[in-house]
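Below you'll find the structure, written out as C-alpha cells, and then a few comments.
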Amino acid sequence: MLTTLPWSRAIAGPGRAPERHASNTSIRSREASAAMTYVVPYSGISNRLGDEEIKAVTEALGQDTLAMGPRGAEFERRLAERLGARHAQATSSCTTALFLAAQVLGLEAGDEVITTPQTFWVTTWPLQARGCVVKFADIDPDSLNIDPATIEPLITDRTKSIWVVHYGGQAVDMGPVMDIARRHGLTVVEDCAHVAGGTYEGQALGTIGDIGCFSFHSLKNMTTGEGGAFVTGDDRYAEMARALGTIHNWGPMHERDVPAIGPHRQPAYYRDAHVLRSYTHDYTGGRYLVGNNYRMSELSAALGIVQLGKLDRLNDRRRDIAHRLDDALAAVPGIGVQTEKPYARHVYHLYTLFYEPDVVGAAKDDFIRHLQEEEGIEIVIRYFPIHLLPEFRALGHRYGQCPVAEKTYFEHQIQLPIYDHLTDEQVEHMIGAVQRGVTALRGR
C-alpha cells in the first residue's frame, strides 16, 4: 500500500506530481509518484501565467476570428525581430515545424541525415516518416550537445543534412558544424526547442543554420501552451513553408493559355478563395507537394506575444537558480556540474548535474531513489539515447554506437527541476538533498 511520505509535509510544494511518460526511473518510482506530494515537483508549466496573459487571451477571444488573425501575424513579426530573422512562421508545435523543415528541404527516402541521440524522439520523426536514413553522431560529455568531431566520419555521398539539437538551453558549437556543412554541401537544421533566447557568439540560435525550429510547449522557457515556430533566412524555404503549413499545396506552376474551366471563364468580379489559381495556372509537370494544417491559434499567439516580452526575465531567473545550484553542488564529492561554454549563453531549460557512482560508491539509480523517496524531489531524466529505442534498434542501431551518450545517460546524468516559480526554499532544499544523498550513500 503506497502512502504519502512524511517529507511531503516538510515544505509546501506547489502541487501533486502527475504521471509522466518521460520518466526513466523504475516502475516502482513511477507508481509511487502518483501517491507523492513533492517538495520540489517537476512542474508542468515553465512559469506561472498572470494578469497580462489572461488579459491578452481574453481580448483575443473577443475578436472576429480565432485562426489566421492579427495576433498570429503580430507574434510572427515580434519573434522575427527578436531573433533578427528574415522569416518566422508560427506553428502548432516544434514537431510540425520540423516536419515542414524536412519537406521544404526535399529530403527523400534513402537520404542520410546526421543528428544526435541526446534528444526527444520527435526530432527524428519527420526523417523517419520520409524514409530517410538517420545516422547518430556522439555527444560532448559536458554540454550533452552533438560533438562536431563525430559528424564528419559519418558523411557519405548520400548525406544531405545535419540536424543539431541545442540541448538543455546551451548552444551546439555551431562554428565547426557550419564549416563541415559548407565543405560537404549539406543543409543544417537547428532544433531550438530548448533555447528560446539562447545565443551562439552573440547570434540568436535558430538563425545560424538553414532553418530553425522552436517549441513553446507548456514546459518551455516561454510558452504558448502548445506551439512552435519555423524560422529561416531563405526566401524559397519560407514561401514553401507558408503554403505547406497553412492547408495549401506547393509546386512550380505555369500560366494556362486560356483562363477558363471548360466553357466557364474566370468571373470578372467575384473571386472565390477556394478556387485558388484553378482558372489561370497548372502545376508544371503535374508535380506538387501536399501541405497540412500546422498553424498556431490566435489564443496561443496572444499568449506568446506576452511571454516573448518576458523572455529575458524568465531566462535570467533560470540562470540565477542554476548558478546557485552550481556554486553549492560543485563542492559535493561525486557531483559534477555543467560548464557554461564561452560561446553560448546558457538559458537552462534543463538543469543537469553529473553523478559519479565510482566516487559515491552507489549506482545512479540509488541516488535517484534517495532524491525522490527520501527528499521529495521529482526526477525526470532527459533523454534516453534515442538510437536505443525499439524503432531504431529495429533498423540496426545498437548499444555501443554512441559510447559517450550511452555512458553519460546510464551512469551519470541527472536533471533537477528548474523553472521560474521555484522558491528559494525549494532551491535550498535541492542543494541540501544532493548533499545528504551523497553522504548517506557513501556511508553505507
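So here's what we get for this one:
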| item | result |
| --- | --- |
| Matching residues in segment 306-321 - criterion: being within 19 Å of the chain's Cα centre (by Cα) and of a type outside the set (D, E, K, R) | 307, 308, 311, 314, 315 |
| Residues (in a loop (DSSP other than H, G, I, E, B) and either within 26 Å of the chain's Cα centre (by Cα) or within 15 Å of residue 167 (Cα to Cα) (or both)) located in segment 325-364 | 338, 339, 340, 341, 342, 343, 346, 347, 348, 349, 350 |
| All positions within segment 45-81 that are in contact (Cβ under 8 Å) with a residue 24 or more places away in the chain and of a type in the set (S, T, N, Q) | 46, 47, 63, 65 |
| Selection from segment 237-279 of residues that are under 30 Å from residue 294 (Cα atoms), surrounded by 15 or more Cβ atoms within 10 Å (Cβ to Cβ) and over 41 Å from the mean Cα position of the chain (by Cα) | 279 |
| Output for segment 289-317, where each listed residue is touching a Ser or Thr at 6+ places or on another chain (Cβ under 9 Å), assigned to a helix (DSSP H, G or I) and not aliphatic (A, V, I, L, M) | 298, 300, 304, 307 |
| Members of segment 165-208 that are polar (S, T, N, Q) and assigned to a strand (DSSP E or B) | 187, 199, 203 |
| Test: residue in segment 365-387 that is under 27 Å from the mean Cα position of the chain (by Cα), farther than 27 Å from residue 320 by Cα, part of a helix (DSSP H, G or I) and free of Cβ contacts under 8 Å to residues at least 60 places away in the same chain | no |
| Subset tally (residues that are under 19 Å from residue 334 (Cβ atoms) and exposed (fewer than 14 other Cβ atoms within 10 Å of the Cβ)) for segment 385-438 | 2 |
| Filtered residues of segment 217-259 (kept if under 22 Å from residue 197 (Cα atoms), of a type in the set (Ser, Thr, Tyr) and in contact with a strand residue (DSSP E or B) (Cβ under 7 Å, 6 or more places away or on another chain)) | 218, 223, 232 |
| Residues of segment 327-355 that turn out to be surrounded by 17 or more Cβ atoms within 10 Å (Cβ to Cβ) and either among the small types (Gly, Ala, Ser) or in contact with a strand residue (DSSP E or B) (Cβ under 7 Å, 6 or more places away or on another chain) (or both), as a count | 15 |
| Flag if residue 241 is touching a helix residue (DSSP H, G or I) at 6+ places or on another chain (Cβ under 6 Å), closer than 19 Å to residue 108 by Cα and modelled with pLDDT of 95 or more | yes |
| Qualifying helices (runs of 4 or more DSSP H) (wholly inside segment 25-83; at least 3 residues being among the aliphatic types (A, V, I, L, M) and either modelled with pLDDT of 95 or more or assigned by TED's automatic domain parsing to the domain that holds residue 220 (or both)) | 51-61, 70-83 |
| So residue 188, is it outside the structural domain of residue 342 (by TED's automatic domain parsing), in contact with a Gly (Cβ under 7 Å, 6 or more places away or on another chain), farther than 23 Å from residue 352 by Cα and of a type in the set (A, V, I, L, M, F, W, C) | yes |
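The values are calculated or read from the model by the stated rules, or taken from the named source; none is laboratory data. Keep in mind the model is a prediction, meaning the values are calculated, not measured. Note: ideal-geometry Cβ built from the backbone for every residue, glycine included; neighbour counts use all protein chains shown.
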